[in-house]
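Derivation of every value follows stated rules applied to the coordinates shown; laboratory data play no part. Remember, predicted model here, so these are calculated numbers, not experimental data. Cβ coordinates were reconstructed from backbone atoms using ideal geometry, including for glycine residues, and neighbour counts include every protein chain displayed.
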Amino acid sequence: MEHIDPFLIHRFDTRSGRLCDFCRELDPDFGNRHPLDQMVGSGRKAIASAHLTEDGYVRHRMLELRRMTARVPLTAA
Ligand SMILES: [Zn+2]
């Protein structure tokens, strides 16, 4: 079970954010994230720096990197 920090809840009002479309689409583990790690600031684009939390930012970046890596053709047999 994830620890939910009351300070974070207070600091980042979930009503002021929305789910990150990018992460929702690409992260198979999206539903298991802490709710705040799923959110970007309302009105913000679905980019890493729009995430409300450090963990959300990092996960978003990891998805971006993974997608970039996947684009590289696997030429080695
Ligand atoms: Zn994201």
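For region 20-77, what's the relative contact order in percent, using C-alpha pairs closer than 8 Å and at least 6 residues apart? Mind showing how you got there, number by number?
Values: 52 pairs, mean separation 16.7, N = 58.
Relative CO of region 20-77 lands at 29 percent.
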Least to most buried among V40, V58, by other C-beta atoms within 10 Å and fewest first, runs V58, V40
For M68, M39, M62, ascending order of other Cβ atoms within 10 Å (fewest first) is M68, M62, M39
Fewest-first ordering of D29, D55, D37 by Cβ atoms within 10 Å yields D29, D55, D37
